[in-house]
Structures are given as structure tokens and as C-alpha cells.
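Q: For reference, the structure I am asking about is given below.
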Amino acid sequence: MKEILLRYIRMENSGTESYFDADEIIELLDHFEDTSDFKHYEKVLDLGRKLHPNNIEIKIRLCKLLIHKKEYGEAIRLINKIGDHENHDLHLLQLECFCATDKYDKVIAFIESQEFDNNVLEDIFEYITQVLNDLNKDDEAFDFIKRGLAFFPDNLILKEELCYYLEIKRETKLALRVCKELIDQNPYSSEYWYTQGRLYFFERDYDKAIESFDFALTCDDSDQEIKIKKAYCLFMNGNYEKAIEVYLELLSEDSNLYERIQPYLAECYMKTEHFDNAYFIFRDILKKIDVAENLHVYRNYIHCCIETERDKEATRDLLETAKNLPNDLLLFWLQAFIHIVRNEHEEAVQTIQQLLQKLYRIFLEEQNIDALNDITCFLFESDIENLLIDAHELMGERFDEPFSEIHQAIHHLINKDIKQFCIQYNRCSSEIVSKYIDQILLYAEAIQTYEAEHDKKYVFYLQSKDIVSDKQNIDLKDILSYYLNNKYYHN
């Protein structure tokens, strides 16, 4: 084959025409079909038709080209013109055209009307099943597989196609049963073990998935896709150190995999408290993605900044990001509290007022309480709630007119009565809301931290100037850490 190919390349380069016998033309066509080089396939076919116009095999290759180009009508006409009713390859191509033109009934009618020996019939079932699956004709493929297995119950290709069909239909348990039969028939197939691992992954049985991937790698330790899937299962199973080992092994084999696996590698580093390694990867990722659509990556980056004493970088970045992501409510809170810390009173009032207006609009427009839980749980399930509750209790007796409406609105917000919050808030003027927040912030002047159980929590304490005259020192790191530990971002 190498010599024939070299002769063809020399002919192409010289611009001349050389002679190839029919068998050599067929070999060249097989080569270019296997390499999906249909440009040269067509050139060789034209040459073969010119040199050997009556050769049946070359005509059959023209049929294949027409089918590849989806010119099924032309292919059928050529098959009928060739008229070799005993040619098995022509039978297969004709049936393929029937499948592609929604004439599955003709496929069944043809098979039922003919008498084939077992080898030919088995070949038809194998070929057409794969054609139907490639055409995404799932129902027809399933029907054809069942018909084929009725004749050939141990056929590996039909079982493979059945397993594939069940997988895409999310019939994972049935697919696993078929896959186990395949492994029993051929326990040295890396592909079968890999398929079983993938199916266990869909079932979230990561231990069995990892075990299957290990068997697959025993059969073929060069398959990078198996290693990637194994590492991901280790990651999902919480075995981060082992996952890191596999990811680093993959990178040592092929550095081009870096962008694909770097998010998981960074997560593993963070989970194992290798924050410096994670920081550099997250920083690199953020240069290539839209932060608004990948806030979990951004959150991890900030976490690593804090753990590696890059607080100033994180604070600067967060403030800028809060301005660029006006629809991220937690960042709005963060921005407001940083303004408080910096004694930027007017900016804090403006930011909190904007946030309340956004909450009002979301509550009003969404009309979906379940969806709103995701948006507001940082208010209801975190310690920011203390800011509203303590202020409400502390100032409750002082808020008569003109603050009674906004005070009641905040009361309903705290108690998750969204409908009443909207009603009350709608009655408040922008000026009143601004003045109310201004009064609230007189009492929101200190942030203290404490350790609780396994994770750090950050609690906002309110002070009344009438009660406590001295201000406590506020560390920006506490604000950043609050942002990280807030449940709103624990997806």
C-alpha cells in the first residue's frame, strides 16, 4: 500500500496521469475512506472510473460516495442500474438508503422476502443497526436490534448497539446488565470496561465506576479519556489527593489537556488546602471566562486570595466586580458593607437602596416563590439577617411617621412575606427609603468574627451610638470571608 500511495502522490505533484489497475484503485479508495479524506477519495474514484469504466467494485464505491454526500436518490438509481442482485455490498447500500429516506418498512420487507445464509443475515443486522444509530433513528434501531438478537443472541455488535441505545435513553440499569454480558463474553475489552464505568458514573456509584476504569486501564493504559473519567470520579467521590495524582499524570503525558482539566485540578488543590496552587490556576481561568456566568470560579479565586494573604488584591477585585455585575445581589451586599467599613456613608446608603429596589422588582416580576428562595436565601439563611432583625428591634419604637411603611416592609422581608413586602415597599418614596437606610446604618458600625464548629462564620452586630460610643476595628478580610462562607454561593 505504501508504494501505491507514493505513486499516487508523485502523480498528483507532477500533474500527470498514471495507470493504476483496479485492485490498486480499490486500495487507494479504502485508504482515503479510512482517513476520511473524501477530497482525494473523489479524485481517485474519477480516475478509476476513467481507467476501469465497467468495474463493479469501483461503481459500488461511487454508490458509497453518493451516500456520503446524502444523494440517496442518485445512489438508488445507480444501484438499480448496476443490477447485480446477488451482490451483498449493494444490498447493504440499498438498505442504508432506505433507512436514510424514512423507508424502514422496506428494510424489513426486504429481509423477510429473501433467504440468506446466517453469515450474510448476521452481517445485515450488524451493518444496518449501526446505520440506524448513526442516523439517530432510535426507535427503528431498537426494533432492528431486537429482531437481530432473536436470530443471534450472542452477537457482540448487536449487544453493543443495544447497550448504546439503552444508555442514550437513560435506561442505565438495563444498559449495565447488557454491558456485564459483554464483559463476560470478552473480559479483555477496554471499551466494555470503560462503558461500564461510564454507566456507573451516571448512576453516581463512583466506587464501582473507578473500579471499572481501573480494569479498562489494565487492558489499555494509554487511553487518556479513561484516565480523565477516573480522575473526575475520584473528584466527585472526595478522593482529591488521588485525583490530583491522575490529573498530574495526564499533564505529564499531554500538556494540551491542561485547559480541559484545570478547573477540576484547581478544585482539588483547594479541597486539599493547597491554596497557592489553586490560586494561580483560578486566576488563569478567570482570564478566559465570563465571570458573570462562572461566579463559583470567581468565589473560589477570592477564597484562595484570602487563604494566601492576598486580601488587598481580593478586595480591589471584588469592588470592581460588584460594579460590573449589577444583577448579583450578594455582591451588592458586599459592596455596601465595604462602603460601611470605609466610612463611605452616602455610597452605602445608595447601594442598599438599589438592592432593596432590585429585590422588590424581582419579587414583583417573578411571581415564583421557589425560584426566589435561591436569590434571597443569603438574607434568610445567613447572618446578614441579623442586620435587619437587630435594627428592626432596636429602632422599632422610634419609627413612627414617615418611616412606618418602609419599616413594615423590612419587617415582612425578614419574615419572608414577599407579597406584603411588595405592597408596603410600593408605598414608600425613594427619599423615605434613603433616609431610613441612613438611620439603619447609624447602628451598623461593627463587624466581629467568631469560629463555629467546622467553618468560619461572620456575624454582623449593630451598635447604637446612644449605647456604644467607641467603634471597633473592622478588618476587610472579615468581609471577604463572609462573602465566601455565605450559603448563597454553595451550589
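The values are calculated or read from the model by the stated rules, or taken from the named source; none is laboratory data. A quick note: this is a predicted structure, and the numbers were derived from the prediction, not measured. Please note: Cβ atoms are built from the backbone with ideal geometry, for glycine as well, and neighbour counts cover all protein chains shown. The accessibility values were calculated without ligands, DNA or RNA, using every heavy atom of the protein model including side chains. Shrake-Rupley method; radii C 1.70, N 1.55, O 1.52, S 1.80 Å.
Q: Would you point out which residue out of I25, I76, I82 is touching a helix residue (DSSP H, G or I) at 6+ places or on another chain (Cβ under 8 Å), at pLDDT 90 or above and within 30 Å of K106 (Cα to Cα)?
A: None of the others qualify; the one that does is I76.
Q: Is it the case, given these coordinates, that V107 is β-branched (V, I, T) and either at pLDDT 95 or above or open to solvent by 20 Å² or more (accessible area, probe 1.4 Å) (or both)?
A: It is false that V107 is β-branched (V, I, T) and either at pLDDT 95 or above or open to solvent by 20 Å² or more (accessible area, probe 1.4 Å) (or both).
Q: Next up: Report, ordered by the first and then the second residue, all pairs with beta carbons closer than 6 Å, sequence separation of six or more or different chains, a first member in the stretch 117-137 that is more than 19 Å from D102 (Cα to Cα), and a second member that is open to solvent by less than 40 Å² (accessible area, probe 1.4 Å).
A: Short answer, once both residue conditions are applied: E122/F152.
Q: As an exercise: evaluate Y8 against (1) farther than 30 Å from S113 by Cβ; (2) touching a Lys or Arg at 6+ places or on another chain (Cβ under 7 Å); (3) crowded, with 17+ Cβ neighbours inside 10 Å and give the number of the one condition it does not meet.
A: For Y8, the exception is condition (2).
Q: Looking at the stretch 145-198, which of its residues are part of a loop (DSSP other than H, G, I, E, B), out of contact with any Leu (no Cβ under 8 Å at 6 or more places or on another chain) and touching a residue at least 12 places away in the same chain (Cβ under 8 Å)?
A: D154, K169, R170, Y188
Q: Residue by residue through the stretch 258-268, note down the ones that are open to solvent by 30 Å² or more (accessible area, probe 1.4 Å) and over 13 Å from I228 (Cβ atoms).
A: E267
Q: Related question: Inside the stretch 238-257, can you point out the residues that are open to solvent by 40 Å² or more (accessible area, probe 1.4 Å) and among the aromatic types (F, W, Y)?
A: Within the stretch 238-257, just Y240 meets the criteria.
Q: Kindly provide the set of residues from the stretch 92-102 that are open to solvent by 20 Å² or more (accessible area, probe 1.4 Å) and either more than 36 Å from the chain's Cα centre (by Cα) or not charged (D, E, K, R) (or both), ordered by number.
A: Across the stretch 92-102, the qualifying residues are Q94, F98, A100, T101.
Q: Within the stretch 123-143, count every residue that is assigned to a helix (DSSP H, G or I) and either of a type in the set (A, V, I, L, M) or within 23 Å of K180 (Cβ to Cβ) (or both).
A: Here the count works out to 12.
Q: Which residues, counting only those in the stretch 116-148, are open to solvent by 30 Å² or more (accessible area, probe 1.4 Å) and over 35 Å from the mean Cα position of the chain (by Cα)?
A: Of everything in the stretch 116-148, those that are open to solvent by 30 Å² or more (accessible area, probe 1.4 Å) and over 35 Å from the mean Cα position of the chain (by Cα) turn out to be F116, D117, N118, N119, V120, E122, D123, R147.
Q: So if I check each of L162, L250, which one is within 30 Å of D143 (Cβ to Cβ), hydrophobic (A, V, I, L, M, F, W, C) and out of contact with any Ser or Thr (no Cβ under 8 Å at 6 or more places or on another chain)?
A: Every option except L162 fails the conditions.
Q: Same structure again: Cβ-Cβ distance below 6 Å, separation of 6 or more or different chains: which pairs start in the stretch 421-442 with a residue that is part of a helix (DSSP H, G or I) and end on one that is modelled with pLDDT of 80 or more and not small (G, A, S)?
A: Partner pairs satisfying both residue conditions: none exist.
Q: Any idea which of K50, K70 is open to solvent by 70 Å² or more (accessible area, probe 1.4 Å), of a type outside the set (S, T, N, Q) and not in a loop (DSSP other than H, G, I, E, B)?
A: K50
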